[in-house]
Amino acid sequence: MKRLLVFYIASIFVCCKEDKQASLQGNATTLVQPRVAIAAADDWIWTGNQATNKIEIYDPVVEDWNSSNALKWSWKPETTKGYSQYALDHWGLPTDFKVRTVNAWGGNHLVASCSSGLVTIASYPSGTKKWAYNLGFNPHGVELLPNGNIAVAATDKDSVLLFASSTGTDNLSHAAIRLNKAHAVLYDPVENILWATGNDFVIAMQVGGTDAAPTLTELSERRGRLNTTSSANPYGHDLSRDLNNPNILWVSTNGGVYRFDKTTKVFTDGPNLLNKTFVKGISRQHSGLFVLTLPDSEKTTELPDPVTSPTWCTRYVDVYSSDGYFQYYRTKSGAKFYKAKIFRTPY
């Protein structure tokens, strides 16, 4: 989402603690480079905070995320927003979140998933329920199509699901494509394609059918096998677009961070120290800065107050330069971020 700022911030200054700890980021020795400016065109950052069970959106310009002006919006399902107690009982450990424009519904709507099973659509920013369903199994990724149908990376069902949510709150009709340990799903409006990543592959799926009876067909010629040079079990985690190159997707796996060319199906290692293992969230700002979340348990040297449980979370959102060098981090006391990515409505 484009930042609602009209000024340009030429540079930011990080506190002494950040300078001191910069070399401790990640699971490789990190060379600190000169700080790169945050541009006015760059986006806020959303996080799935598993300590609060909320989706939280922060302003990266604000250095102290404990301050009240850092937090721009937060949400979780509530009865006052139209959610039943049953839905609330199946909301916990948020895993993914996006906001998209659905013209037929009159504006922006969010999609969210959580490990406790609930996947949902709600109006944004009010957070009022539009559609919700308890999958009963660990979904890790969601996407909202322009027509209002929701796609889900159903991890423990080894599938990508596309629900006919556009046609009614109780419509559970859906299409399915098998993808081992599906973890992330992303819509490509240029080709009306859904991209997804799982344990072994990045795949492309053609969306067809009707709003009420959608279909998914894998485009086998577009399938790309994840790199295995760093890990016998690559295990894809996240998938995001490059805002400056529509032919590029960024993919994170147990084995590293990769640049995936949609045309050639070639994976290229992320630049320099960006190419870390076990990255849970990867995205890139218009300015070229990368936003990355890596579990504190995977860092070679612990930063202050690390998350010890659950082992897949971190207290830190790390920012790297376009050429792959650590710039700074943002942190919040008591937070347990599973994933953090740039926040924007365009596909």
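Between segment 301-347 and segment 149-224, the C-alpha centres lie 28 angstrom from each other.
Under the simplified labelling scheme, the Ser309-Asn272 pair shows an inter-label distance of 3.9 nm, with each label point 7 Å from Cα along Cα→Cβ. According to the Cα-based calculation, Rg over Rh for the chain is 0.94, with Rh computed by the Kirkwood formula. Each residue of segment 205-212 is assigned a 3J(HN,Hα), and the resulting list reads 10, 7, 8, x, x, 10, 4, 7 Hz, derived from the Karplus form 6.51 cos²θ - 1.76 cosθ + 1.60 (θ = phi - 60°), x at Gly and Pro. Phi-derived couplings, Karplus 6.51 cos²θ - 1.76 cosθ + 1.60 at θ = phi - 60°, listed residue by residue for segment 237-243: 10, 9, 8, 8, 8, 9, 5 Hz, with x used for Gly and Pro. This model, with +1 at the C-beta of Lys and Arg and -1 at the C-beta of Asp and Glu, gives the chain a dipole about its Cα centre of some 220 debye. Each helix, a run of at least 4 DSSP H residues, gives -39500 (n - 2.57); summed and divided by the residues of the chain, these come to -500 deg cm²/dmol at 222 nm. The label-point distance for Asp158 and Val61, in a model that sets each label 7 Å from Cα toward Cβ, rounds to 4.9 nm.
Could you run the Debye sum over the Cα atoms of segment 85-223, one equal point scatterer each and no solvent, and tell me log10 of I(q)/I(0) at q = 0.18 Å⁻¹, two decimals? Normalising to I(0) and taking log10 leaves -0.95.
In whole angstrom, segment 172-237 maps to an equivalent ellipsoid with semi-axes of 25, 12, 9, each derived as √(5λ) from the alpha carbon gyration tensor and ordered largest first. Once the Cβ-Cβ distance between Asp170 and Glu191 is put in as r, and R0 is 25 Å, what FRET efficiency do you end up with, to the nearest 0.05? FRET efficiency, Asp170 to Glu191: 0.20. What aspartates and glutamates does Lys181 reach when the alpha-carbon gap must be under 20 Å and sequence neighbours fewer than 8 apart in one chain are set aside? By straight Cα distance, Lys181 reaches Asp96, Glu143, Asp156, Asp158, Asp200, Glu218, Asp238.
Once the C-beta distance of Asp211 and Thr264 is scaled by a Förster radius of 30 Å, the resulting FRET efficiency is 0.35 to the nearest 0.05.
Note on Asn108 and Asn69: the model spin-label points, each 7 Å out from Cα along the C-beta direction, lie 2.1 nm apart.
Rg/Rh, computed from the Cα trace of segment 64-124 with Rh as the Kirkwood radius, has the value 1.02.
Every number here is computed from the coordinates shown, using simple stated rules; none is lab data. Only a predicted model underlies this, so the values are computations on that prediction, with no experimental measurement involved. For neighbour counting, all protein chains shown are included, and Cβ atoms are generated from backbone atoms with ideal geometry for every residue, glycine included.
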